[in-house]
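What follows is calculated from the coordinates using simple rules that are stated; it is not laboratory data. All of these numbers come straight from a predicted model, not from anything done at the bench.
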Amino acid sequence: MRQAVERWLHSAHARLRNLPLLPGSAVRPAKRDRAFARSTTELEAGAQSRMRWQAVYDEVRRRHAGGEPLLGIARALGLARATVRKYASAEAFPARLPHGAGPSLLDPHVAYLAERIDEGCETAMALWREIREQRYPGTSRQVHRFVAERRTRPVRSGRKPLCARASASQRPGTEAPLPPARQMAWLLVQPPSGLDASDAAVVRCVEQDDPARTVAGLAGRFTALVRAAGKGKTVTNDQDADAAADIAAWITQARSCDAPAIATFASGLETDIAAVRAALTEPWSSGQAEGQINRLKLIKRQCYGRAGLDLPKRRMVLAS
């Protein structure tokens, strides 16, 4: 279910990022406001890379609209079929999300650097030498980026400076509060009671979109059915019948929704409906079988390319 939701989010993420924030909602705070500024050269290289992938996206969409199969497009363009599938189903070019303020070796020294810059020292190399004496293990590159964002005087050297103003093209502070599609899909399949305030605010923001609200509702209902069918459950025959009827009603609704990934997932369940009903109504678990299979596969991979068939056979017999 999570994978199906993630596939749908890849196609709709660009639209969902344009949703307005709800009153009182806040994004999870970070250590720094945004990532370190990039140089003009790095920004230009990123823009060129985006243009190349935009052209690839346009070509995939054109070929897909013309009726070419996904596998044929992948072979013609030299792309992975998963990439072609993602581009073919995306409503807009799936650009990378703006980089947030991830952890950095410079973080323990940020307060000291800010204090020295307030005192008037804006020479990045001098500041780097000072914090290197404080056991900073990194190079001077991050220090140059940190100083470039706060510089008040022009650079006197002839080198191309790190462009603090160029980072404005990345619109710092205007990033959408949505996490990536994989993390967002995980939030949508969690029970509402298990979400903290920040994650619940993100889910409420996404549910402003009608298709997203439908997908979130279907994901919540399905995962609730699965969680209610855990090992050792004690239910009556009437409850088993209710679970079977619920999954049948869920499949019918999911197959008619506007999200192709969810409809495909529901069709897959319907083709194996006997096993699905057994999983929801029987108290048994396949955990023992899966555990034994995992152990045998581990032995096989440990011996692959190192021994003949006799040794893996002997180890598997002893393990079982």
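Could you tell me which of rounded, prolate or oblate describes the stretch 270-318, using a ≥ b ≥ c as the square roots of the eigenvalues of the alpha-carbon gyration tensor, with rounded for a/c under 1.5 and, failing that, prolate when a/b is larger than b/c and oblate otherwise?
Cα axes put the stretch 270-318 in the prolate bin.
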Q: May I ask for the Rg/Rh ratio of the stretch 181-277, computed from Cα atoms with Rh as the Kirkwood radius, given to two decimals?
A: 1.00
**Q.** Fully extended contour minus Cα-Cα distance, from Ala76 to Lys300, at 0.36 nm per residue
**A.** 77.0 nm
